[in-house]
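Working notes, structure below.
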Amino acid sequence: MDKRSLRYPNVLFDWGDTVMHDNPALTTPMVEWPKIKVVEGIAEVLQDLYASGRRIILATSASVSDEGQIRGALARVELDTYFSQIYCFKNTHLQKNEAFYHHVLNDLGVSAADALMVGDSFEKDVQTPNTLGIFAVWFNPVSDEIFNDELHITVHSMQELRAFFNSLDSNGV
């Protein structure tokens, strides 16, 4: 599919508990953890997005790991090749707020209308990007809560996220 005809050709993902499971009790970079685990279904979502021609970006507020360590953790679970860019606190010096998302959009050279954010924090991954006009998907596997609006939807599993992207591509919505 032609990237110019794609709706949301740039997809930003949160890292912790969206791509890979976080363990707040561990204070070392994830790449050094004895065991790491991906969120169920994320590999298939990333494969689909990559095959569609979308640019996949990691946009995380992680402050313990730098970009190389994040890529190293992703490599341990064979997901590193899907992400063209990684934005984190150590390379942006920004918390995940409006300035962070402005930086990401400017660095990528894209408009808010051409980006979509996926993450598990309603505040940081949905509300904040929405203030800039970025559409967001709230990944909420822990409750039945649903918050849908003009600029965001809720999914409870990666299978639902895949279905959302498939519907975008098949409907040209």
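So the values come out like this:
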quantity	calculated
Close pairs (8 angstrom Cβ cut-off, 6 or more residues apart or separate chains): assigned to a loop (DSSP other than H, G, I, E, B) in segment 3-25, of a type in the set (Lys, Arg) and surrounded by fewer than 19 Cβ atoms within 10 Å (Cβ to Cβ) anywhere	PRO9/LYS3; HIS21/LYS37
Positions within segment 86-109 being in a loop (DSSP other than H, G, I, E, B), within 16 Å of the chain's Cα centre (by Cα) and surrounded by fewer than 17 Cβ atoms within 10 Å (Cβ to Cβ), in sequence order	GLN95, ASN97
Any hit, segment 149-166, residues being of a type outside the set (Phe, Trp, Tyr) and at positive phi	no
Residues of segment 64-85 that turn out to be more than 16 Å from the chain's Cα centre (by Cα) and hydroxyl-bearing (Ser, Thr, Tyr), as a count	1
GLN159 vs. criteria touching a strand residue (DSSP E or B) at 6+ places or on another chain (Cβ under 8 Å) and surrounded by fewer than 17 Cβ atoms within 10 Å (Cβ to Cβ)	no
Segment 1-43, residues that are modelled with pLDDT under 95, more than 16 Å from GLN69 (Cα to Cα) and either surrounded by 20 or more Cβ atoms within 10 Å (Cβ to Cβ) or of a type in the set (A, V, I, L, M, F, W, C) (or both)	MET1, LEU6, ALA25
Test: residue in segment 161-173 that is of a type in the set (A, V, I, L, M, F, W, C) and farther than 17 Å from ARG7 by Cα	no
Test for PHE147: is it surrounded by fewer than 16 Cβ atoms within 10 Å (Cβ to Cβ), more than 18 Å from VAL104 (Cα to Cα) and among the aromatic types (Phe, Trp, Tyr)	yes
Selection from segment 95-121 of residues that are out of contact with any Ser or Thr (no Cβ under 9 Å at 6 or more places or on another chain) and either without any contact (Cβ under 8 Å) to a residue 40 or more places away in the chain or among the acidic types (Asp, Glu) (or both)	HIS102, ASN106, GLY109, SER111, ALA112, ALA113, ASP114
Residue among ARG55, ARG71, ARG76 that alone is over 20 Å from MET158 (Cβ atoms) and not polar (S, T, N, Q)	ARG71
Options PRO129, PRO141; residue that is part of a loop (DSSP other than H, G, I, E, B), surrounded by 13 or more Cβ atoms within 10 Å (Cβ to Cβ) and of a type outside the set (Ser, Thr, Tyr)	PRO141
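The values are calculated or read from the model by the stated rules, or taken from the named source; none is laboratory data. Predicted, not measured: the structure shown is a model, and the values here were computed from it. Note: ideal-geometry Cβ built from the backbone for every residue, glycine included; neighbour counts use all protein chains shown.
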